[in-house]
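> Have a look at this one before I ask anything.
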Amino acid sequence: QSSTGELRITVRDSGGLPVRCEVTLVSDANDVSQQLETAADGLSVAKKDAIHTPTDASSYSFASITTSDQQLYVLFLNTSNKTGVGPSATGLSGAGLSFTGVGAPGGLLYSGRTGVRRIQAWRALSAAGATTGSTTINLDGTSTSMDAVLLEVSGIDTSGTNGSGAIVQSAATKVKNVTSLSVPLAGFGSPDNRPLAFFSHRAAETRTQ
């Protein structure tokens, strides 16, 4: 049986100039690939680091990075379990950042068997205090592997608390035994808003981006 899950958030631009920014991240047992497009003006996205490991653990850490104040940091992660439900991240912090969950608490549980895999999205924005260091993901159980990516988004709305002003909406969905996946979003309030998405699928599946 095939199963796919995706989380998507919409990011608000800080200005009125048309921008173009799309991010796609694919993870399986063999590779992590990415596509990044950045506008000359306005919104831009940079991958700061990624974790792709089959190691079983209840805590995982990114390599040390240097963060900046007034930038949005988005962290997507995917956990799994052989039985029961995929463990959930209980806290993410480091490099002067303290992350807040995006979307429904616990993210999205998916897979052919109920909930053995989980996708979550988190956000952080430091008004003052960004520094250099490693960001750690702490889980409420042991994951059979970890796929995660940490993105830095510039040119965003910095109002609100911990990046809340930059996140306009979020949505998540899952499907089985299909060749495509759609995540409906409400109409964008600005033509400069852009989607930012992460999706996962089972390693045995053949896939073409």
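The values are calculated or read from the model by the stated rules, or taken from the named source; none is laboratory data. None of these values were measured; they are calculated from a predicted model. Every residue, glycine among them, receives a Cβ derived from its backbone with ideal geometry; neighbour counts consider all protein chains shown. When the accessible area is computed, the model is the full protein with side chains, heavy atoms only, and any ligands, DNA or RNA have been set aside. Shrake-Rupley method; radii C 1.70, N 1.55, O 1.52, S 1.80 Å.
> Can you find, within the stretch 188-201, the residue that is farthest from W122 (Cα to Cα) among those that are open to solvent by 40 Å² or more (accessible area, probe 1.4 Å) and under 17 Å from the mean Cα position of the chain (by Cα)?
R194
> On to the next question. Can you tell me how many residues within the stretch 37-64 are over 14 Å from the mean Cα position of the chain (by Cα), open to solvent by less than 70 Å² (accessible area, probe 1.4 Å) and either at pLDDT below 95 or among the acidic types (D, E) (or both)?
Residues flagged as over 14 Å from the mean Cα position of the chain (by Cα), open to solvent by less than 70 Å² (accessible area, probe 1.4 Å) and either at pLDDT below 95 or among the acidic types (D, E) (or both) within the stretch 37-64 amount to 6.
> Further question on the same structure: Of all residues in the stretch 81-100, which are over 23 Å from D157 (Cα atoms), in a loop (DSSP other than H, G, I, E, B) and open to solvent by less than 20 Å² (accessible area, probe 1.4 Å)?
Result: G86, P87, S88.
> Just checking, does the stretch 81-98 include any residue being closer than 18 Å to I51 by Cβ and more than 17 Å from the chain's Cα centre (by Cα)?
yes
> Taking the conditions exactly as written (open to solvent by 20 Å² or more (accessible area, probe 1.4 Å), touching a residue at least 60 places away in the same chain (Cβ under 8 Å) and in contact with a strand residue (DSSP E or B) (Cβ under 7 Å, 6 or more places away or on another chain)), does S154 satisfy them or not?
yes
> When F76 is evaluated against the numbered criteria (1) in a strand (DSSP E or B); (2) open to solvent by less than 40 Å² (accessible area, probe 1.4 Å); (3) in contact with an Asp or Glu (Cβ under 7 Å, 6 or more places away or on another chain), which criterion, by number, is the only one it fails?
(3)
> Moving to a separate point now. Does at least one position in the stretch 176-187 carry a residue that is within 13 Å of the chain's Cα centre (by Cα) and not acidic (D, E)? Lay out the reasoning, then the answer.
In the first step, residues of the stretch 176-187 are kept if they are within 13 Å of the chain's Cα centre (by Cα); the result is none.
For the stretch 176-187, residues within 13 Å of the chain's Cα centre (by Cα) and not acidic (D, E): absent.
> Related question: Return the residues of the stretch 136-151 that are buried (at least 17 other Cβ atoms within 10 Å of the Cβ) and part of a strand (DSSP E or B); say none if nothing qualifies.
Once the filter is applied, which keeps residues that are buried (at least 17 other Cβ atoms within 10 Å of the Cβ) and part of a strand (DSSP E or B), the stretch 136-151 yields I137, L139, S143, M146, D147, A148, V149, L150, L151.
> What's the number of the only condition in (1) in a strand (DSSP E or B); (2) modelled with pLDDT of 85 or more; (3) in contact with a Gly (Cβ under 7 Å, 6 or more places away or on another chain) that L7 fails to meet?
If we test L7 against (1) in a strand (DSSP E or B); (2) modelled with pLDDT of 85 or more; (3) in contact with a Gly (Cβ under 7 Å, 6 or more places away or on another chain), just (2) comes out false.
> Checking the structure you have, find out if any residue of the stretch 141-151 is more than 17 Å from the chain's Cα centre (by Cα) and at pLDDT below 90.
No; the residues of the stretch 141-151 include none that is more than 17 Å from the chain's Cα centre (by Cα) and at pLDDT below 90.
> Next question. Could you check the stretch 101-135 and list, in sequence order, the residues that are touching a strand residue (DSSP E or B) at 6+ places or on another chain (Cβ under 6 Å), of a type in the set (S, T, Y) and exposed (fewer than 15 other Cβ atoms within 10 Å of the Cβ)?
T132, S134
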